[in-house]
Amino acid sequence: MSNKPVRTRFAPSPTGYLHVGGARTALFNYLYARAKKGTFVLRIEDTDQVRSDEKSRQQMIESMVWLGLEWDEGDEKGGEFGPYKQSERLEIYQNHAQMLVEKNKAYLCFCSNEELEAKKKQREAMGLPPVYDGKCRSLSTEEVEKKKQEKKDMVIRFKMPKEEIIVKDIVQGDVKFDSSLIGDFIIIKSDNFPSYNFAVVVDDILMKISHVIRGVGHLSNTPRQIAIYKAFECDEPEWAHVSEIVGSDHKKLSKRHGATAITSFRDMGYSPEAFLNYMSLLGWSPPDGIEFMKKEKIISQFDIERCNKSPSMFDVFDLSQADGVELSELNHFELEKYLFAKSKLNWLSNNHIREMSEERYLKDVMPFVIESKQVPESELNGKTLKDILLSLRVYLDYLSQIEKYIGDFFDKFEISNTAIEWLKKPFAKKLTETFADLIEKETNWHKDQISNLIKESGNICDLKGKDLFMTIRSASTGKTEGLELPVYLTLLGKERVLKRLKNSIEKTS
RNA sequence: GUCCCCUUCGUCUAGUGGUUAGGACUCGGGAUUUUCAUUCCCGCAACAGGGGUUCGACUCCCCUAGGGGACGCCA
């Protein structure tokens, strides 16, 4: 419609952690700005003095940074249209409200809360929409002055014109609203703070926002906002109300689906790219249908026109297992239990982990290795650990899973029930001893050589196939699954293999 | 209560009047792998229901049901 430079914004209110819903909105704004070579701005909407807090703000920023949603302008970064915190823009809103009052498009209202409440109930009883009746709309200047003298609480209300308002929305199409159902709403509260609908519009005008991309929840606010644009004689931005995200129970995302706190996913060891990839697929799909994408590819294919209207489910937690549990209160360890093991998120994440550079992977996985406390400190920097981690890479859906594999390569040695079955076989003891002997004498510790030794043990004991391999596997790893055996043993190291074999021999007798 | 929006395999979705309704994840089967994972192949599985409009409807209209959202001195 317009060829103005694209400027999008994400405008969270710092009243809690950033969750999937918010992050997805931020993502779409980011993606669109990048796709159109525009600007992405971050504005903090902290006009709710009671609920806003600094900690939330910081956690949101932390989440944004982690996801790689870099903003070009905004909080903590500055820019030519600052400040970017609404609490620091109070004067601007008041001036603008004053302009509206002077143009007779807004007015002072002195009605008390009790009065309003009573009227609302009355109207509801009569089956009328609960809108303000406009009592103070036509107060004379004298009356206004008099009430001001009395130091009555006052607010500023916007004169809502009676007309049909059509929201022209990129994803929702044209949506009609009857403004008589809206009424004169408050733009400046009695604490002198602007109301949401007013502050957004003033900011979006001043910050030259070209596209407002947000959840459908805001669609019904849009007529109010359009009316304000008109009152200021400014062009509306392009609207795009994307579908909301729901939890596995089809209900709006809440603390119950928890972990919707972005930082929880970071803590579980999802890579930001993977999580971003997953979120981009909620309500949008790439034209070529290929879902595993790096950020650059998402950007190059993104368009809001391909966003759909129907709500998408954030389906990574098994809520049926989490009855009465508030997932948002759990740490990554506890949270893991409620994850669907085979979610698309995990699949994508596994793919991203495999595609990472080795350096990046090693660097990212290390904290989880350390956290597991299963690797002796002396070996933390060794080449062996590096090789182990690299071999384990294909097994990981998210990095914290390394904690369940890594111990098997060091001092931990437990024989699983299925492994015991192999060790109980009649030939197990002899085979294990034979193999141990061969290993003890071996000086060339290399996977090909180990492979030879396994075969040789087989020849000596007249065994091959599963009997041979599974028994040796069970005796040396305690498990019946895992890496290719010669590789596994190479990584384990001669000493540990011997120790384990001896241990297993005792169990077989 | 009033207004607005939504409803395609279990999930994410493609699809804009004529398709064997496509893909991805999951699931089942098979091949490869000494095992597990990986990889490859095959398969199961959907247009919420009812009315229209039309030669023809997943696509358009209406109704019903279900879900979501808005109606704040919250954002």
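The values are calculated or read from the model by the stated rules, or taken from the named source; none is laboratory data. Owing to the predicted nature of the structure, the values given are computational and were not obtained by experimental measurement. Cβ atoms come from the backbone with ideal geometry, glycine included; neighbour counts cover every protein chain shown. Ligands, DNA and RNA are excluded from the accessible area calculation, which covers all protein heavy atoms including side chains. Shrake-Rupley method; radii C 1.70, N 1.55, O 1.52, S 1.80 Å.
Quote the relative contact order of region A:97-202 in percent (integer), defining contacts as alpha-carbon pairs under 8 Å separated by 6+ residues.
Relative contact order here is 27 percent.
Most tightly packed first, judged by the mean number of other beta-carbon atoms within 10 Å of their residues, the peptides A:64-77, A:32-45 read A:32-45, A:64-77.
For region A:102-139 versus region A:311-340, the spacing of their alpha-carbon centroids is 44 Å. For region A:1-110, rounded, prolate or oblate, judged on the Cα gyration tensor with a ≥ b ≥ c (square roots of eigenvalues), a/c < 1.5 rounded, else prolate if a/b > b/c? Judged from the Cα gyration tensor, region A:1-110 comes out oblate (a/c at least 1.5, b/c at or above a/b).
The long axis of helix A:447-461 is offset from the longest Cα principal axis of chain A by roughly 50 degrees. Residues A:Asp184, A:Asp303 ordered from highest to lowest accessible area at a 1.4 Å probe: A:Asp303, A:Asp184. Cysteine residues of chain A whose Cβ has no partner cysteine Cβ closer than 4.7 Å: A:Cys111, A:Cys234, A:Cys307, A:Cys461. In chain A, the longest principal axis of the Cα atoms and the axis of helix A:90-102 are about 30 degrees apart. For region A:419-488, the alpha-carbon radius of gyration amounts to 1.00 times the rule-of-thumb value 2.2 N^0.38 Å expected for a compact globular protein. Rounded, prolate or oblate: which fits region A:335-380 when a ≥ b ≥ c are the square roots of the eigenvalues of the alpha-carbon gyration tensor, with rounded for a/c under 1.5 and prolate only if a/b beats b/c? The shape class here is oblate. A 1.4 Å probe run over region A:163-305, with the rest of the protein chains in place, finds 36 Å² accessible per residue. The trypsin sites (Lys or Arg not before Pro) found in region A:258-359 that occupy coil by DSSP, while having at most 16 further C-beta atoms within 10 Å, are A:Lys294, A:Lys309, A:Lys342.
Peptides A:97-106, A:438-447, A:379-388 ranked from most to least packed by the mean count of surrounding Cβ atoms within 10 Å: A:97-106, A:379-388, A:438-447.
Note on A:Phe232 and A:Asn3: with the Förster distance fixed at 35 Å, the Cβ-Cβ geometry gives a FRET efficiency of about 0.95.
Mean shadow of chain A, computed from the convex hull of its alpha carbons, in nm²?
Across all orientations, chain A yields a mean hull projection of 30.6 nm².
Pairs of Cα atoms nearer than 8 Å and 6+ residues apart set the relative contact order; for region A:214-323 it is 32 percent. In percent, rounded to a whole number, the relative contact order of region A:365-431 is 40, using alpha-carbon pairs under 8 Å and six or more apart.
Helix A:344-355 and the long axis of chain A differ in direction by around 60°, with both axes built from C-alpha atoms. Amide H to amide H, with H built 1.01 Å from N, A:Arg7 comes under 5 Å of A:Thr39, A:Ser210, A:His211, counting only residues 5 or more places away or on other chains.
The 1.4 Å probe gives accessible areas that order A:His241, A:His19, A:His250, largest first, as A:His250, A:His19, A:His241. Sparse packing (at most 15 other Cβ atoms within 10 Å of the Cβ) combined with a DSSP loop state is found for the following GluC sites (Glu not before Pro) in region A:250-346: A:Glu291, A:Glu326. Kirkwood hydrodynamic radius computed over region A:219-334 comes to 16.7 Å, based on all pairs of distinct alpha carbons. Taking every pair of alpha-carbon atoms in region A:70-173, give the share separated by more than 17 Å as a whole percent. Result for the distance tail: 70 percent.
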